[in-house]
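Have a look at the structure below before the remarks.
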Amino acid sequence: MYYVYILRSVSFPEQIYFGYTADLKSRLKDHNAGKSPHTSKFIPWDLIGYHAFADQRKAREFEYYLKTGSGRAFANKRLI
């Protein structure tokens, strides 16, 4: 399975991050350990949602969409 996940910073709740992985638990640990340059300054992170996909391409496309302006609007209205 492939996962598109949504994180919210505990310290800075207005900070939301969308990501993609095949190993959700390990990826969340990496984010909270500061191993990602995009998320390290806002640790710790809480997982607030995820969507599982059997198709890797569809998962990547959904992650890309969520990072667009209309995707963020959709996520804010429907997912967060």
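Some values worked out for this structure:
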read-out: Members of the stretch 52-80 that are among the charged types (D, E, K, R) and more than 22 Å from MET1 (Cβ to Cβ); value: ARG72, LYS77
read-out: Options GLU14, GLU63: the member that is at negative phi and over 11 Å from the mean Cα position of the chain (by Cα); value: GLU14
read-out: Hey, TYR65 free of Cβ contacts under 8 Å to residues at least 12 places away in the same chain and in contact with a helix residue (DSSP H, G or I) (Cβ under 7 Å, 6 or more places away or on another chain) or not; value: yes
read-out: Enumeration of residues in the stretch 17-38 that are farther than 24 Å from ARG57 by Cβ and either assigned to a strand (DSSP E or B) or of a type outside the set (D, E, K, R) (or both); value: ASN32, ALA33, GLY34, PRO37
read-out: Residue check, ILE48 in contact with a strand residue (DSSP E or B) (Cβ under 6 Å, 6 or more places away or on another chain) and of a type in the set (Val, Ile, Thr); value: yes
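Quick note: the coordinates plus some simple rules give every number you see, no bench work behind them. Please read these numbers as outputs of a predicted model, since none were measured by experiment. Here Cβ is always computed from backbone atoms with ideal geometry, including for glycine, and neighbour counts include all displayed protein chains.
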